[in-house]
Amino acid sequence: MRLDKFISSQYPDISRKNSRELIRSGKVLINGRPCLDPEFKVLLDSDSVSLFGKNVDFKPFLYIMLNKPAGIVCATRDRLSETVLEIIPPELRRPGLFPAGRLDKDTVGFVLITDDGALAHSILSPKSHVRKKYFVRLRDPLPQNCAEIFADGISLDGERLLPAELEKVSEKDCFLTIREGKYHQIKRMFEAVGNEVVYLKRLEIAGVALDPELSEGKCRELTEAEINVIRSAKNHL
Ligand code: URA
């Protein structure tokens with residue numbers, strides 16, 4: 001990768017132009033020596049690059065776990081509301097990040113934000129059937145046989161859904177695991193059985209659980225182990 005791109009891709013506040021200026025002014029060292037050529041090809045496996053005397057820990061992609069609060073939209077831009085990208089801290093921002101999957105504005109919980117298009121595709125593609133687990137609070141008690149109805153795969157607007165797993169927590173609370181992401185899916189599933197979702201929180205994506213240490217609005221990078229679990233999600237359907 002070209003040195004100017006290498007630097008600007010890792011720091012949200014360093015543009016490609018700034019990156020070239022920093023390189024030409026000798027602030028960037030490769031393997032301990034100043035490199036003044038912005039076009040220098042960095043070998044990602046073997047070259048060590050430092051900026052202002054600090055090693056640049058190159059990450060080809062970022063994977064961020066956000067505990068989304070209510071009132072924030074899952075979009076890269078929105079004219080009216082704050083977006084998930086606007087609430088992540090500046091040190092985790094960089095061009096190309098987007099939410100891999102949408103939660104409704106009033107839904108809270110786990111949103112994965114990444115710039116890895118291939119990984120996002122692998123969890124978003126309708127064919128991949130990746131599991132997403134939610135906590136659901138209902139207006140009325142869970143209808144009789146709801147678990148069986150959802151396990152059979154109910155129909156919404158004439159379209160049959162994949163089987164969903166419902167686990168009762170209390171009279172009006174349950175966990176629900178679904179394998180697709182249709183528009184307002186969980187709210188519409190409960191509407192179809194005469195109930196209403198009053199609170200919805202996503203707890204897991206592809207076998208990775210929302211970190212209980214993250215309060216609403218907070219985020220952290222995924223660990224290598226968590227990234228690998230998501231990468232292999234298709235293997236444990
Ligand atoms: N199902 C819904 O109805 N809303 C969400 O935000 C996620 C799943």
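The values are calculated or read from the model by the stated rules, or taken from the named source; none is laboratory data. What you are looking at is a predicted structure, and each value in this text was computed from that prediction instead of being measured. We place every Cβ from the backbone using ideal geometry, glycine too, and count neighbours over all the protein chains shown.
Overview of results
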{"item": "Residue pairs meeting the criteria (Cβ under 6 Å; at least 6 apart or on separate chains; first at positive phi and not assigned by TED's automatic domain parsing to the domain that holds residue 134, in segment 154-167; second in a strand (DSSP E or B) and at pLDDT 95 or above)", "result": "none"}
{"item": "Those residues of segment 182-237 which are acidic (Asp, Glu) and out of contact with any strand residue (DSSP E or B) (no Cβ under 7 Å at 6 or more places or on another chain), in sequence order", "result": "191, 213, 224"}
{"item": "Unique residue being farther than 14 Å from residue 230 by Cβ, within 11 Å of the chain's Cα centre (by Cα) and aromatic (Phe, Trp, Tyr) when the list is 110, 135, 98", "result": "98"}
{"item": "In segment 57-88, the residues that are more than 15 Å from the chain's Cα centre (by Cα) and within 23 Å of residue 117 (Cβ to Cβ)", "result": "57, 58, 59, 60, 77, 78"}
{"item": "Matching residues in segment 187-204 - criterion: being more than 18 Å from the chain's Cα centre (by Cα) and either outside the structural domain of residue 111 (by TED's automatic domain parsing) or within 9 Å of the ligand (Cβ to nearest atom) (or both)", "result": "187, 188, 189, 190, 197"}
{"item": "Qualifying residues in segment 156-181 (those that are outside any strand (DSSP E or B), among the hydrophobic types (A, V, I, L, M, F, W, C) and within 23 Å of the chain's Cα centre (by Cα)) - the one nearest to the ligand (Cβ to nearest atom)", "result": "164"}
{"item": "Unmet requirement for residue 184, which otherwise passes all of (1) loosely packed, with under 15 Cβ neighbours inside 10 Å; (2) away from the ligand (no atom under 12 Å from the Cβ)", "result": "(2)"}
{"item": "Selection status of residue 140, more than 16 Å from the ligand (Cβ to nearest atom) and more than 18 Å from residue 227 (Cα to Cα)", "result": "yes"}
{"item": "Wholly within segment 4-122, strands (runs of 3 or more DSSP E) carrying at least 1 residues that are assigned by TED's automatic domain parsing to the domain that holds residue 205 and surrounded by 13 or more Cβ atoms within 10 Å (Cβ to Cβ)", "result": "63-68, 108-114"}
{"item": "Matching residues, segment 75-123, being within 16 Å of the ligand (Cβ to nearest atom) and more than 21 Å from residue 211 (Cα to Cα)", "result": "75, 78, 81"}
